[in-house]
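K.L.:
Okay, handing you the structure first.
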Amino acid sequence: MAIATINPATGETLKTFEPLSEHEVDERLVLAAAEFETYRATDFKQRAAWMQSAAGLLESEQEQVARLMTTEMGKTLVSARAEVAKCVKGMRYYAEHAEEFLADEPADAPAVGARRAYARYQPLGPVLAVMPWNFPLWQAVRFAAPALMAGNVGLLKHASNVPQTALYLGELFARAGFPHGCFQTLLIGSGQVEAVLRDQRVVAATLTGSEPAGRSVASIAGGEVKKTVLELGGSDPYIVMPSADLDGAVATAVTARVQNNGQSCIAAKRFIVHAEVYDDFADRFVARMEALRVGDPEEESTDVGPLATRQGRDDVEKIVADAAGRGARVLCGGWSPDRPGWFYQPTVVADITPEMRLFSEEVFGPVASLYRVGDIDEALALANITSFGLGSNAWTTDVVEQERFISDLEAGMVFINGMVVSYPELPFGGVKNSGYGRELSAHGIREFCNLKTVWIG
Ligand code: NDP
């Protein structure tokens with residue numbers, strides 16, 4: 001894919017970029033490795049001051065950055081502003097908590113015959129982050145804030161369709177006072193990732209994106225014995241049981257499905273509803289999905305903007321057509337508005353069977369799959385049937401059922417009577433083909449650290 005800003009609301013190419021040459025990449029790796037040697041010795045107070053300064057700058061530039069994201073990948077301006085605010089919060093969170101999260105952990109010294117024994121977290125070095133376009137700022141900040149606070153240096157290979165957001169972020173940390181080379185954006189295509197990953201100066205990698213990209217990065221890194229964290233796709237279940245607050249469940253279901261124009265790894269994608277409330281839920285859910293306003297993402301009143309790429313919209317069209325062709329019922333939507341840009345109407349599909357792609361694949365657009373189940377066992381079996389295991393949602397006021405979902409849903413995250421959201425305070429990540437490792441919270445900052453055992457006799 002060419003490195004370019006193409007407005008998804010119009011299809012217009014606004015700016016193109018040349019990928020870095022091999023020599024230019026090497027220069028940046030030299031700088032990253034050299035910078036790490038001094039940056040790793042800075043203290044938490046100093047790093048926190050730079051991070052707070054970056055948060056302040058970002059906050060003051062909220063509108064400009066939000067508009068840039070909307071232009072590059074089509075998210076509504078309202079949600080882009082919220083994304084910037086979330087990044088500011090995430091930066092401040094790590095500025096305030098990194099020292100406590102990475103404090104020495106005392107061990108039982110007498111038990112190991114020592115006068116003192118403890119574990120110390122130390123930074124690893126330059127870490128490569130391969131990031132996707134769907135939350136162009138947040139996905140990168142979710143990596144950068146803890147990485148920098150831990151004393152690592154960052155190399156960002158962002159998605160090729162959000163180059164200006166990527167460049168903004170690289171400059172933001174430098175403008176905030178972080179030493180030159182602490183955080184660099186590499187404008188490179190995905191074909192250039194392998195060389196960077198194999199380079200001895202790069203010590204680890206994190207990737208958020210599709211399963212094929214994750215498999216490729218993890219296998220190369222595995223060959224080099226370098227640690228990876230992977231956050232891949234999801235096909236999160238959203239289960240509604242008879243005791244649920246149906247108004248809340250319906251309203252939240254719509255948000256959970258169409259957030260970010262339907263392009264979120266943690267969007268609820270499969271709505272699994274108990275037969276007792278299925279018809280009621282389906283009627284209300286479809287009515288709300290139909291009422292959503294699709295249009296210009298810069299308009300304040302727009303609920304759903306375009307999909308980020310033509311390819312993304314084509315994929316969504318094909319997956320719905322495949323289901324309809326095999327006998328699924330399209331309850332609303334199922335078509336692309338006749339206008340420039342890559343819009344797709346919010347869609348609800350029912351009567352889905354296992355041979356349809358919709359049953360097992362992640363759909364990255366505003367398309368909800370609806371399933372009817374007879375009891376909690378059936379709900380759990382269907383929820384767990386996919387190869388993914390990122391987030392999960394369950395609506396029930398019955399505490400026994402709540403415990404059952406918490407215990408038996410095969411997912412990295414379970415949200416009861418709500419929807420999966422990432423918070424700096426909570427670990428974020430998945431199981432199965434959704435990846436491994438955790439981002440955010442204390443767990444996220446420790447992923448790229450050397451946990452050094454110290455024994456003093
Ligand atoms: P990709 O996984 O292709 O892109 C994500 C990032 O990985 C980009 O920076 C991309 O670079 C890079 N990349 C792609 N292939 C490789 C590779 N073989 N080696 C190294 N880096 C690679 O996502 P797409 O944008 O193509 O979206 C396709 C699907 O991925 C979506 O439909 C969705 O299912 C899933 N996805 C999941 C996301 C999530 O949040 N978990 C986010 C985005 C997508 P480049 O842009 O240069 O190709």
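K.L.:
Only one residue in R313, R339 is open to solvent by 10 Å² or more (accessible area, probe 1.4 Å) and under 21 Å from the mean Cα position of the chain (by Cα), so which one is that?
P.N.:
After applying the criteria, what remains is R313.
K.L.:
Residues that are surrounded by 23 or more Cβ atoms within 10 Å (Cβ to Cβ), within 14 Å of the ligand (Cβ to nearest atom) and in a loop (DSSP other than H, G, I, E, B): does the range 253-263 have at least one?
P.N.:
Yes; the residues of the range 253-263 include at least one that is surrounded by 23 or more Cβ atoms within 10 Å (Cβ to Cβ), within 14 Å of the ligand (Cβ to nearest atom) and in a loop (DSSP other than H, G, I, E, B).
K.L.:
Which residue, of E63, E100, is more than 23 Å from F178 (Cβ to Cβ) and surrounded by fewer than 20 Cβ atoms within 10 Å (Cβ to Cβ)?
P.N.:
E63
K.L.:
Shifting gears a bit: Select, from F285, F281, the only residue that is in contact (Cβ under 8 Å) with a residue 24 or more places away in the chain and under 19 Å from V363 (Cα atoms).
P.N.:
Result of the check over F285, F281: F285.
K.L.:
So, in the range 277-322, how many residues would count as being among the acidic types (D, E) and either away from the ligand (no atom under 16 Å from the Cβ) or outside the structural domain of W342 (by the TED database) (or both)?
P.N.:
9
K.L.:
Need the failing condition index for D245 against (1) surrounded by fewer than 18 Cβ atoms within 10 Å (Cβ to Cβ); (2) within 14 Å of the ligand (Cβ to nearest atom), just the number.
P.N.:
Among (1) surrounded by fewer than 18 Cβ atoms within 10 Å (Cβ to Cβ); (2) within 14 Å of the ligand (Cβ to nearest atom), the lone unmet condition for D245 is (2).
K.L.:
Can I ask one more? Mind listing just one residue for me: the one in the range 31-50 that is in contact with a strand residue (DSSP E or B) (Cβ under 9 Å, 6 or more places away or on another chain) and not acidic (D, E) and, of those, farthest from T185 (Cα to Cα)?
P.N.:
Taking the candidates together, the pick is R40.
K.L.:
Another one. Restricting to the range 356-382, give me the number of residues that are open to solvent by 10 Å² or more (accessible area, probe 1.4 Å), among the small types (G, A, S) and either within 16 Å of the ligand (Cβ to nearest atom) or in contact with a Phe, Trp or Tyr (Cβ under 9 Å, 6 or more places away or on another chain) (or both).
P.N.:
Of the residues in that region, 1 qualify.
K.L.:
Please work out if A218 is within 16 Å of the ligand (Cβ to nearest atom), more than 27 Å from I445 (Cβ to Cβ) and crowded, with 17+ Cβ neighbours inside 10 Å.
P.N.:
No.
The values are calculated or read from the model by the stated rules, or taken from the named source; none is laboratory data. A quick note: this is a predicted structure, and the numbers were derived from the prediction, not measured. Cβ sites come from the backbone with ideal geometry, for glycine too, and all protein chains shown count toward neighbours. We work out accessible area using only protein heavy atoms, side chains counted, and drop any ligands, DNA or RNA first. Shrake-Rupley method; radii C 1.70, N 1.55, O 1.52, S 1.80 Å.
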